[in-house]
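Readers should treat all values here as calculations from the given coordinates under stated rules, not as data from a laboratory. Note that the coordinates shown come from a computational prediction; the quantities given were computed from them, not determined experimentally. We place every Cβ from the backbone using ideal geometry, glycine too, and count neighbours over all the protein chains shown.
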Amino acid sequence: MSRGFWAVARGVAWRNIHNFFTNPAMVIPALLFPLFFFIAFAGGLSRVDSIPGFDYAAGYTTFVYGFVLLQASMFGGIFTGFSVARDFESGFSRRLMLAASHRGGIVAGYWLSALVRALFTVALITVVALVAGLDLGGGAVDLLGLYTLAVLLNAAAMLFATGVAMRLRTMQAGPAMQMPMFLLLFLAPVWVPYDLLTGWVHAAASFNPITLVLESIRGFLEGDPTKVLPAFGVALLLVAVTVLWARGGLRSAERVA
Amino acid sequence: MKSDLFLQVGMLARRSVVRTLRQPAMVVPSIVFPLMLLSINSSGLDSTTQIPGFPTNSYFEFALAIAFVQGALFSANSAGTNVANDIESGFLNRLSLTPLRRIALMMGQLSGILALGLIQALTFLGVGVLFGAGIEAGVAGAAVIVLLSLTISLAFGCIGAFVALRTGTGEAVQGVFPLFFAALFLSSMALPRDLIEIGWFQTVATYNPVSYMLEGIRSLVITGWDGEALALGFACAGGLALVALAAASSALRTRMVRT
């Protein structure tokens, strides 16, 4: 990678991270939504662990934490896509395209800022979860696997949203970024294990790649890694596909700029 | 004098209803999102009906009430955004130069929300019945569900209007939206209150008026006619509507004076 690439990436990342931490309208929703989900479902549905067939030894709080970790990581990426769209609306991106010596660095910069946003949210949720009784059964290697999966999914979500934002170049593209991720996340075994799902969501979860990732994350949390290779395979495949998608978006934006 | 008031209310109500219904971006998500969550949650959480003491063997019937309250939360957003647009575009400034009465302005603005609330309630009810939710209280119960749902929409709509009038910006309304969702999440949304295991959560849900709004609708779907649940549901929704309406009227008076 050239020095120009990293210089652009650093500049874009710094600007976005600065905007994020100095704008309550960005920080608050990014924190509140995963936090609400965690509190509402770990608290409100804690009785679910008494359902016959619920066999997750680490308990319901840990079970829900696995989902909220993934949600926070992926939505950290999606919210960065919103920032990309906002930069196009304000005209900043056009100027950036003209000035950047290596335009790939622009996407890398947005990715770095998505990573920082997600890490900030995940750190806060982890603290709240630990206070609420999160039971981390896994060792250091399990935690490394757990957070690596979260980082890969954060990258995939951010690259997808950036691809959409660079093609449509308007904030109105928000639902087009959010909705597919929302469906992928919620059509997985969110509140109960896969075997306890019923109806059409059970069928959808069996085809959903996020099911593998979520089950693997919960395995790492419990200290009983499961489906590790397929989960990493799916995560890396998603990153590879979304890299191509984002690159196509960048080309589309370059043509217009 | 009285006919003037009706004329003013009628004209503003027409504008408010037409404006709300002409914005698919406001109407469609407020119906599609609650239905989507209903579908996903009722399938994903159906096994929770095996918890001893769960009031029904269909989570779909239990979760149907959530759609009504969630729809009402979107109404708050719509009401607030519409009022904020009127402030930001200067429409309210121009109105303040006319002999329009404040009560007419407030009632007119809220009519759009009631129209949206009615569409939501009828849709949720229709989808519920279509997918097998038996309304235990019968046809009259269904009418009461619509009435309670409208009262809830009015309550949250007034809160949205209050925030918009107080701050004058649509951004502030959007900023308050997550708090409405917090109120829904920290209620008896997912499980009946007596089955919530975590003590502090059960306490919060017990003090949260949204729990009683949900339980009012839920009682008509699952139990039949339950006077206590209905009285609490209407008292919470109606009480909140009155307080929020008074606050919004006061904020409107202040804003008109400033104008």
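As an exercise, use a Förster radius of 41 Å and the Cβ-Cβ distance of B:Ala172 and A:Ala240 to find the FRET efficiency, rounded to the nearest 0.05.
For R0 = 41 Å, the calculated efficiency reads 0.45.
In whole Å, what are the extents of region A:135-186 along the principal axes defined by its C-alpha atoms, from largest to smallest?
Reported extents, whole Å, longest axis first: 44, 20, 13.
Convex hull over the alpha-carbon atoms of region B:30-91: what's its volume per residue in Å³?
For region B:30-91, the hull spanned by Cα atoms encloses 77 Å³ per residue.
Using helices alone, I'd like the mean residue ellipticity at 222 nm for chain B: each DSSP H run of four-plus residues gives -39500 (n - 2.57), total over residue count, nearest 500. All intermediate terms of the calculation are to be shown ahead of the outcome.
On the way: 10 runs with 203 residues, N = 259.
For chain B, the value works out to -27000 deg cm²/dmol.
Once you place label points 7 Å from the Cα toward the Cβ at A:Val141 and A:Val256, how far apart are they in nm?
The two pseudo-label positions are separated by 4.8 nm.
Cα centroids of region A:35-57 and region A:232-257: how far apart, whole angstrom?
36 Å
Whole percent per 10 Å bin, from 0 to the bin with the longest distance: what is P(r) over all C-alpha pairs of chain B?
7, 31, 33, 19, 8, 2, 0
Percent of Cα-Cα pairs more than 36 Å apart in chain A, please.
Everything past 36 Å amounts to 15 percent.
Would you mind computing, in nm to one decimal, how far apart the modelled labels at A:His18 and B:Leu37 are, each placed 7 Å from Cα along Cα→Cβ?
About 3.7 nm separates the two model spin labels.
Given Cα pairs under 8 Å that are at least 6 residues apart, what percent is the relative contact order of region B:1-155?
Relative contact order for region B:1-155 comes out at 36 percent.
How far apart, in nanometres, would the label points at B:Asn93 and A:Arg247 be if each is projected 7 angstrom from Cα along the Cα-to-Cβ direction?
Inter-label distance under the simple model: 5.2 nm.
Based on the Cα coordinates of region B:130-259, what is the per residue volume of their convex hull in Å³?
It is 131 Å³ per residue.
Name the residue, out of A:Pro225, A:Pro29, A:Pro52, whose mean-square fluctuation peaks in a Gaussian network model built on chain A with Cα pairs under 10 Å.
Residue with maximal mean-square fluctuation among A:Pro225, A:Pro29, A:Pro52: A:Pro52.
Expressed as a fraction of 2.2 N^0.38 Å, the rule-of-thumb size for a compact globular protein of N residues, what is the C-alpha radius of gyration of region B:7-49?
1.87
How big is the C-alpha Rg of region B:125-173 next to the rule-of-thumb value 2.2 N^0.38 Å, as a ratio? Walk me through the numbers on the way to the answer.
Working: Rg = 16.2 Å, N = 49, 2.2 N^0.38 = 9.7 Å.
The reported ratio for this selection is 1.68.
Working from the alpha-carbon coordinates of region B:79-186, get Rg over Rh, Rh being the Kirkwood radius.
Reported Rg/Rh, Kirkwood definition of Rh: 1.08.
Can you tell me which of B:Ser47, B:Ser30, B:Ser219 moves the most in a GNM of chain B? Springs connect C-alpha atoms under 10 Å apart.
Ranking B:Ser47, B:Ser30, B:Ser219 by mean-square fluctuation puts B:Ser47 first.
Run the numbers on chain B and let me know its relative contact order in percent, using alpha-carbon pairs under 8 Å that are six or more apart.
Details: 381 pairs, mean separation 68.0, N = 259.
Relative contact order comes out at 26 percent.
List the residues of region B:37-53 whose backbone N lies under 13 Å from a point placed 7 Å from the Cα of A:Asp55 along the Cα-to-Cβ direction.
The answer is none, because no backbone nitrogen lies closer than 13 Å to the label point.
Considering the options B:Ile196, B:Gly170, B:Gly160, tell which one lies farthest towards the positive end of the dipole of region B:146-259, charges being +1 on Lys and Arg and -1 on Asp and Glu at the Cβ, about the Cα centre.
B:Gly170
Other chains near A:199-207: what is the mean number of their Cβ atoms within 10 Å of each residue's Cβ?
3
What's the exposure ranking of B:Val139, A:Val84, B:Val204, going from fewest to most Cβ atoms within 10 Å?
B:Val139, B:Val204, A:Val84
Measuring from centroid to centroid over Cα atoms, what is the spacing of region A:131-196 and region A:208-230 in Å?
13 Å
Can you pull the mean other chain C-beta count within 10 Å for peptide B:181-194?
Per residue, the average neighbour count from other chains is 4.
Using just the helices of chain A, give the 222 nm mean residue ellipticity in deg cm²/dmol: DSSP H runs with n ≥ 4 each add -39,500 (n - 2.57), and the total is spread over all residues, rounded to 500.
After summing the helix terms and dividing by residue count, I get -26500 deg cm²/dmol.
Please average, across the residues of B:36-45, the number of beta carbons from any other chain that are within 10 Å of each residue's own beta carbon, and give a whole number.
Across the residues of B:36-45, the mean count of other-chain Cβ atoms within 10 Å is 6.
What FRET efficiency, computed as 1/(1 + (r/R0)^6) with R0 = 45 Å and r the Cβ-Cβ distance, is obtained for B:Ser250 and B:Thr223, rounded to the nearest 0.05?
0.70
Alpha carbons only, please: Rg and Dmax for region A:57-103, in angstrom.
Spelled out, the Cα radius of gyration and Dmax of region A:57-103 are 17.9, 55 Å.
For region A:103-166, what are Rg and Dmax over the alpha carbons, in angstrom?
14.4, 45
Which value, to two decimals, describes the C-alpha radius of gyration of region B:159-223 once divided by 2.2 N^0.38 Å? Walk me through the numbers on the way to the answer.
Numbers: Rg = 14.7 Å, N = 65, 2.2 N^0.38 = 10.7 Å.
Region B:159-223 yields a ratio of 1.37.
Which number comes out as Rg/Rh for the protein assembly as shown once both Rg and the Kirkwood Rh are worked out on C-alpha atoms?
0.99
Take peptides A:179-186, B:59-66, B:115-122 and line them up by average Cβ neighbours within 10 Å, highest first, as a rough protection proxy.
B:59-66, B:115-122, A:179-186
Please report the orientation-averaged projected area of region A:1-117, defined via the convex hull of its C-alpha atoms, in nm².
Orientation-averaged projected area of the Cα hull: 9.3 nm².
Which log10 I(q)/I(0) values, to two decimals, does region A:182-257 give at q = 0.20, 0.21, 0.23 Å⁻¹ under the Debye formula with one point per Cα?
-0.86, -0.91, -1.02
Pick from A:Phe21, A:Phe120, A:Phe67: which residue has the top mean-square fluctuation in a GNM of chain A where Cα pairs under 10 Å get a spring?
Looking only at A:Phe21, A:Phe120, A:Phe67, the biggest GNM fluctuation is shown by A:Phe21.
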